[in-house]
Amino acid sequence: MGHPLTPGDFTEAIAGFATGVVALTVRDGRDDLGTTVTAFMSVSQEPPMVLAGIASSSYLAEVLTRQDRWAATVLSAPQRALAGRFAAEGRPGARILLGGEPHHRGEASGALIPEKGVAALECETRQRVEAGDHTLFVAEVLTADYATRDRTPLIRVNRRYLD
């Protein structure tokens, strides 16, 4: 019935899975980096832990092996353009991407945190797991920089953002 799964088949199959959209940011010395992540989930309530999947070949994955503390901002529907900027190939640093957007630096992580999201978590990596072409960063949540229920989350499904 089935046939061997190609990377394109897998991408097509998984595209129908709706996910929230997170801007993951990290400070690396004087540099600030970030990316849009849809492979993000809660893994434990006690202690509070999350998991973020990052392409192993990316510079961000390399930085996250050196810098254990980072921030994850659950983006709100009006932050669609911001998600697109953080997902763009060859994107500049996070300071430039956030230039015109309200943001601040997290106290626990030192990472830049966009404001007006649904929630922002400051995290510390506890475990790294190689999984195919991605690295899974399992992290303890150190602080909830902010969390609100009065904003609609940004959702991605079928390769499109829904707001």
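Quick check, is THR19 open to solvent by less than 30 Å² (accessible area, probe 1.4 Å), modelled with pLDDT of 95 or more and among the polar types (S, T, N, Q)? It is false that THR19 is open to solvent by less than 30 Å² (accessible area, probe 1.4 Å), modelled with pLDDT of 95 or more and among the polar types (S, T, N, Q).
Listed here are the residues, each with its yes/no results for (1) in contact (Cβ under 8 Å) with a residue 24 or more places away in the chain; (2) touching a Gly at 6+ places or on another chain (Cβ under 6 Å).
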| position | (1), (2) |
| --- | --- |
| THR11 | no, no |
| ARG30 | no, no |
| GLU46 | no, no |
| ALA52 | yes, no |
| VAL63 | yes, no |
| GLN67 | yes, no |
| LEU75 | yes, yes |
| ARG105 | yes, no |
| SER109 | yes, no |
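If I ask for residues that are of a type in the set (D, E, K, R) and either more than 16 Å from VAL50 (Cα to Cα) or more than 13 Å from the chain's Cα centre (by Cα) (or both), which ones from the stretch 103-125 would you list? Within the stretch 103-125, ARG105, GLU107, GLU115, LYS116, GLU124 meet the criteria. Consider the stretch 146-163 and keep the residues that are part of a strand (DSSP E or B) and within 29 Å of PHE10 (Cβ to Cβ). The one that is most open to solvent (accessible area, probe 1.4 Å) is ARG160. When the stretch 107-145 is filtered for residues that are among the acidic types (Asp, Glu) and either under 17 Å from PRO47 (Cβ atoms) or in a strand (DSSP E or B) (or both), the ones remaining, listed by number, are GLU122, GLU124, GLU130, GLU140, ASP145. No other residue among GLY84, GLY90, GLY53, GLY29 is on the phi > 0 side of the Ramachandran plot and either aliphatic (A, V, I, L, M) or open to solvent by less than 60 Å² (accessible area, probe 1.4 Å) (or both) apart from GLY29.
The values are calculated or read from the model by the stated rules, or taken from the named source; none is laboratory data. Note that this is a predicted model, so its numbers are computed, not measured. In this analysis, Cβ positions are derived from the backbone assuming ideal geometry, glycine residues included, and neighbour counts consider all displayed protein chains. What goes into the accessible areas is simple: the full protein's heavy atoms, side chains included, and nothing from ligands, DNA or RNA. Shrake-Rupley method; radii C 1.70, N 1.55, O 1.52, S 1.80 Å.
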